[in-house]
Amino acid sequence: MIKLTPRLKTIAEEIEKGETMADIGTDHGFLPIYLWEAGLCPKVIMADISRGSLSKADENCRSLHPETEFDLRLGSGLEVLSCGEVDSVVIAGMGGILMTEILGADVQKAWSFRKLILQPRNRIGQLRWWLYNNGFSISGEKLVREGKFICEVLTVVPKEMAVAGDLGPDDIEYEFPHKLIDFKNELTEEYLEKKLNLERLILGSMSEGRQEEPAKLRRQSYRVEYLEYLLGRLRNEN
Ligand SMILES: C[S@@+](CC[C@H](N)C(=O)[O-])C[C@H]1O[C@@H](n2cnc3c(N)ncnc32)[C@H](O)[C@@H]1O
């Protein structure tokens, strides 16, 4: 049986026994092969835009389970699926902006699945902003370590159209929402501390520069204060 990395294992834990799933950008195909092997998913679809990536998944399927015909699909994003074809769609290991493009290419189709499990490599603030403003809500947030990185795994469900707030995609509230505290684990404090240290460094170098606009300085101070507040809340609750 395939042994998943902690990141992929965390994603796998978001899928309930008996659900069908598709892995968009599957590459090696480890996650869907594992879910099928473990008897968790009766149907798995492996999809990728790259022929080379998909052939890695194909080779892994053939070498591990030569007797089984797996469902591999070549194409971009959700175009390989029909509406509601599976319960869960996983999109992992790519940038947050690319994820918004994949979901935004056919948002009606994206709404048709019961659940999306997203693990962005970057731009998580922009991704959360897009999700909230395109009728999705985040029902779960998990942090998991992968090498020197702490990765986020978002479980996302469709909801009625969200009301767009005053905040924009670059605002710190989308990058580090209060929900992170509700879904805290042993990595949350370190995750927030790292970001706070970075934002303090940026503030320090901005303060040294004579030309910096006051509005930009205020915005940067706010980012630091916001993270200090979140960390304070986390520590008070622990
Ligand atoms: C870094 S790999 C991630 C593999 C795996 N999902 C994981 O998390 O370990 C990213 C994969 O996404 C695929 N990809 C990039 N853009 C895509 C798109 N628009 N539709 C489907 N797959 C895409 C790439 O070809 C590549 O195989």
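Table for the structure above
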| read-out | value |
| --- | --- |
| Order of exposure, largest accessible area first, which applies to LEU40, LEU234 with probe 1.4 Å | LEU40, LEU234 |
| Amide H within-cut-off set for ARG73, under 5 Å, with H built and near neighbours excluded | MET46, ALA47, ASP48 |
| Solvent-accessible surface (1.4 angstrom probe) belonging to GLU237, in square angstrom, nearest 10 | 90 |
| For SER139, distant residues with modelled amide H under 5 Å away | THR155, VAL156, VAL157 |
| Accessible-area value, VAL224, 1.4 Å probe, nucleic acids and ligands omitted, Å² | 10 |
| Ranked order, ASP48, ASP182, ASP58 - accessible area, probe 1.4 Å, largest first | ASP182, ASP58, ASP48 |
| Accessible surface ranking that places the most exposed of ARG235, ARG73, ARG51 first, with a 1.4 angstrom probe | ARG51, ARG235, ARG73 |
| Residue-wise HN-Hα coupling along segment 170-180, computed from phi with Karplus coefficients 6.51, -1.76, 1.60 (Hz; x: Gly, Pro) | 8, 6, 4, 4, 7, 6, 10, x, 4, 4, 4 |
| Debye intensity ratio in log₁₀ form over the Cα atoms of segment 85-238, taken at each q of 0.10, 0.11, 0.12, 0.19 Å⁻¹ | -0.40, -0.48, -0.57, -1.22 |
| Area of LYS9 that stays accessible when all protein chains are in place (1.4 Å probe, Å², to 10) | 80 |
| Span-like helix ranges in the chain, DSSP H, alpha carbon extent 15 angstrom or more, Kyte mean at least -1.0 | 188-208 |
| For segment 1-147, convex hull volume per residue from C-alpha positions, Å³ | 106 |
| Most mobile listed residue (THR68, THR155, THR26) in the chain, GNM with C-alpha springs under 10 Å | THR68 |
| For ARG123, distant residues with modelled amide H under 5 Å away | GLY96 |
| Cα centroid separation - segment 204-225 against segment 75-96, whole Å | 40 |
| Note, ³J(HN,Hα) from phi for segment 108-117, Karplus 6.51, -1.76, 1.60, rounded to Hz, x at Gly and Pro | 4, 5, 4, 6, 7, 8, 5, 7, 10, 10 |
| Cα centroid separation - segment 15-58 against segment 111-180, whole Å | 22 |
| Helix-only [θ]222 nm of the chain, DSSP H runs n ≥ 4, -39500 (n - 2.57) each, per residue, nearest 500 | -13500 deg cm²/dmol |
| Per-residue ³J(HN,Hα) for segment 70-80, Karplus 6.51 cos²θ - 1.76 cosθ + 1.60, θ = phi - 60°, Hz, x for Gly and Pro | 8, 9, 10, 10, 9, x, 8, x, 7, 4, 7 |
| Carbon and sulfur %, accessible surface of the chain computed with the full protein complex present, 1.4 Å | 51 |
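The values are calculated or read from the model by the stated rules, or taken from the named source; none is laboratory data. Computed from a prediction, not measured in an experiment: that's the story for all the values here. Side chains are part of the model used for accessible areas, which takes the heavy atoms of the whole protein and leaves out ligands, DNA and RNA. Shrake-Rupley method; radii C 1.70, N 1.55, O 1.52, S 1.80 Å.
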